[in-house]
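The values are calculated or read from the model by the stated rules, or taken from the named source; none is laboratory data. The model shown is predicted, which means the values in this text are computed figures rather than measured ones. Every residue, glycine as well, gets a Cβ built from its backbone with ideal geometry; the counts of neighbours run over all protein chains shown. Areas reflect the complete protein model, heavy atoms only, side chains present, ligands, DNA and RNA absent. Shrake-Rupley method; radii C 1.70, N 1.55, O 1.52, S 1.80 Å.
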Amino acid sequence: MMMERKIKLKTLNNHITCKICRGYLIDATTVTECLHTFCKSCLVKHLEENNTCPTCKIVIHQSHPLQYISFDRTMQDIVYKLVPDLQKNEIESEREFYKARRLPNPKDIPLTNGESNGDHEPDPHAESDYHRQDEQVNVCLECISSSLKTLKRRFIRCSAQATILHLKKFVAMKVLNGMEKYRDIDILCNDELLGKDHTLKFVYVTRWRFQNPPLTLQYRPRIDI
């Protein structure tokens, strides 16, 4: 029988707080050069006068450091799940900020499909822009097996938050005629088998950082080890 063990939130604080403001991460944003994460507002303010990471002091970029940071959706989701009412309180604070200044809150403005009847019909995709606003990664998918078809379009552009599992499903749909056959596909980078939960950003930073784009990945039939 597996026993549950409670962990006090304070033991995790070092991992989910911003090293600039010392508060819990809000709009968690990561420096792509070193993977240190901060509140977006804190990091942007810091980079207005500096070009180094606040934690490790590595030079992010000599002249355009803001181009080398990106929203860390996974980290922010973790923080909101770990800290009770943090997300709720942040949303309320944001609304009060705009209300006090008599400004519309951008997150409260619905997208519309037309206003012929005077009503604002919400776009069914309004809550999801399919990650078009995420940092993007250019990927080249190469087949390294004669038993699989070569993709007609090897080059794709997708969110840096997409995972290897997403790519496996994409390849399976294209070459095996069924997304559900993704388990029959392996994805590799530099001949190294990649885990299905790795994000493209993680792969790019850890396996392709010093090589020219696009990020080149290989696919083959699954090999059981």
>> Testing the spin-label approximation: label points 7 Å from Cα along Cα→Cβ at Glu94 and Asn14. State their distance in nm.
In response: 3.0
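With Cβ to Cβ distances under 13 Å as the rule, what net charge do the other residues near Gln67 carry (K, R +1; D, E -1)? Don't skip to the end; give the middle numbers.
Values: positive: none; negative: Glu33, Glu135.
Every neighbour counted, the sum reads -2.
For the stretch 136-221, with all protein chains present and a 1.4 Å probe, just round the carbon and sulfur fraction of the accessible area to a whole percent. It would help to have the intermediate numbers written out before the result.
Numbers: 2380 of 4770 Å².
Solvent-exposed carbon and sulfur of the stretch 136-221 make up 50 percent of the total.
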>> Report the Cα-based extents of the stretch 11-101 along its three principal axes, largest first, to the nearest Å.
In response: 38, 37, 19
>> If R₀ is 30 angstrom, what is the calculated FRET efficiency for the pair Met75 and Cys143, using the beta carbon separation as r and rounding to 0.05?
In response: 0.35
>> With the cut-off at 28 Å, tell me which of the pairs Lys6/Lys168; Lys40/Lys201; Lys181/Lys201 have Cα atoms farther apart than that.
In response: Lys6/Lys168
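What net charge do the residues around Ile187 carry, taking every other residue with its C-beta under 9 Å from that of Ile187, with Lys and Arg at +1 and Asp and Glu at -1? Present the calculation step by step, with values, prior to reporting the outcome.
Details: positive: Lys168, Lys196, Arg220; negative: Asp186.
Summing Lys and Arg as +1 and Asp and Glu as -1 gives +2.
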>> Taking amide H atoms as placed 1.01 Å from N in the peptide plane, list the residues 5 or more away in sequence, or in a different chain, whose amide H sits under 5 Å from that of Thr55.
In response: none
>> Through the Karplus equation 6.51 cos²θ - 1.76 cosθ + 1.60, θ set to phi - 60°, convert the phi angles of the stretch 13-21 into ³J(HN,Hα) values in whole Hz; use x for Gly and Pro.
In response: 3, 5, 9, 10, 10, 7, 6, 8, 9
> Full extension from Ile58 to His166: what is 0.36 nm times the residue separation minus their Cα-Cα distance, to one decimal in nm?
Replying inline: 35.7 nm
> Put a dot 7 Å past each Cα toward the Cβ at Arg22 and Met179; how far apart are the dots in nm?
Replying inline: 4.7
> Roughly how many whole Å is it from the C-alpha centroid of the stretch 27-48 to that of the stretch 148-197?
Replying inline: 30
